[in-house]
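The values are calculated or read from the model by the stated rules, or taken from the named source; none is laboratory data. No experiment lies behind these values; they were computed from the predicted model shown. All Cβ positions, even for glycine, are placed from backbone atoms using ideal geometry, and neighbour counts span all protein chains on display.
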Amino acid sequence: MAKLNLSIKNVEVQQGKTFETLPDGRYSVVVAKADVKESKAGGHYINFGYQVVDGDHKGAMVFDIVNINHSNPEVVRIGMERLATVAWATGHTKDTVEDSDELINKLPFEVSVKTEEKDGYKNLRVKSIVRTAPLEEKKTDTKATVKKPWNK
């Protein structure tokens with residue numbers, strides 16, 4: 001439990017305000033937040049917040065939890081695969097992600113989301129991530145790799 005000590009005395013309450021979930025489908029998004037948090041089991045996960053960047057639902061958020069440290073190696077494998085996919089989709093080109101902030105507000109990509117029901121609760125799940133930016137071809141520096149016979 002966290003102590004807040006926040007006054008809500010002069011805050012106006014809007015009666016009947018609801019928060020609708022995003023409908024199932026595909027959305028163009030960017031990573032708007034990527035917070036590393038500790039799980040109840042003692043592992044760590046990244047709580048990604050993907051923000052829709054166009055269409056009728058522009059500004060809406062989709063959340064995705066990616067385990068990066070867990071007692072179950074299969075959970076870690078799946079999480080690292082998702083992290084690599086997000087990095088690739090955002091245009092991240094390094095072999096490592098040193099800070100989760102490296103993925104924020106980079107290239108847009110598409111997520112496919114679907115509502116799943118479990119234990120009476122509905123949750124929006126990210127089912128796939130698709131890179132929408134064109135892949136850039138790697139440029140090779142032939143000057144450094146080819147020795148010309150006339151240069152002794």
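Quick grid of which residues meet (1) modelled with pLDDT of 95 or more; (2) in contact with a Ser or Thr (Cβ under 8 Å, 6 or more places away or on another chain); (3) buried (at least 17 other Cβ atoms within 10 Å of the Cβ):
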{"site": "I78", "(1), (2), (3)": "yes, no, no"}
{"site": "T90", "(1), (2), (3)": "yes, no, yes"}
{"site": "D95", "(1), (2), (3)": "no, no, no"}
{"site": "S112", "(1), (2), (3)": "yes, yes, no"}
{"site": "Y121", "(1), (2), (3)": "no, no, no"}
{"site": "P134", "(1), (2), (3)": "no, no, no"}
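For V30, are the conditions met, namely being at pLDDT 95 or above, surrounded by 17 or more Cβ atoms within 10 Å (Cβ to Cβ) and of a type in the set (A, V, I, L, M)? Steps first, please.
Working: at pLDDT 95 or above: yes; surrounded by 17 or more Cβ atoms within 10 Å (Cβ to Cβ): yes; of a type in the set (A, V, I, L, M): yes.
Yes, satisfied.
Restricting the search to region 89-126, which residues are within 24 Å of K58 (Cβ to Cβ) and aromatic (F, W, Y)?
Hit for region 89-126 is F109, nothing else.
What is the one condition in (1) under 13 Å from the mean Cα position of the chain (by Cα); (2) modelled with pLDDT under 95 that K127 does not satisfy?
(2)
Identify, from the list G42, G49, G59, the residue that is farther than 24 Å from K122 by Cβ and outside any helix (DSSP H, G or I). Give the steps one after another, and end with the answer.
On the way: G49 fails: farther than 24 Å from K122 by Cβ; G59 fails: farther than 24 Å from K122 by Cβ.
Of the residues listed, the single one that is farther than 24 Å from K122 by Cβ and outside any helix (DSSP H, G or I) is G42.
Is it the case that V52 is within 17 Å of D24 (Cβ to Cβ), in contact with a strand residue (DSSP E or B) (Cβ under 9 Å, 6 or more places away or on another chain) and at pLDDT 95 or above? Walk me through it before giving the result.
Working: within 17 Å of D24 (Cβ to Cβ): yes; in contact with a strand residue (DSSP E or B) (Cβ under 9 Å, 6 or more places away or on another chain): yes; at pLDDT 95 or above: yes.
Here the answer is yes, as V52 does meet what is asked.
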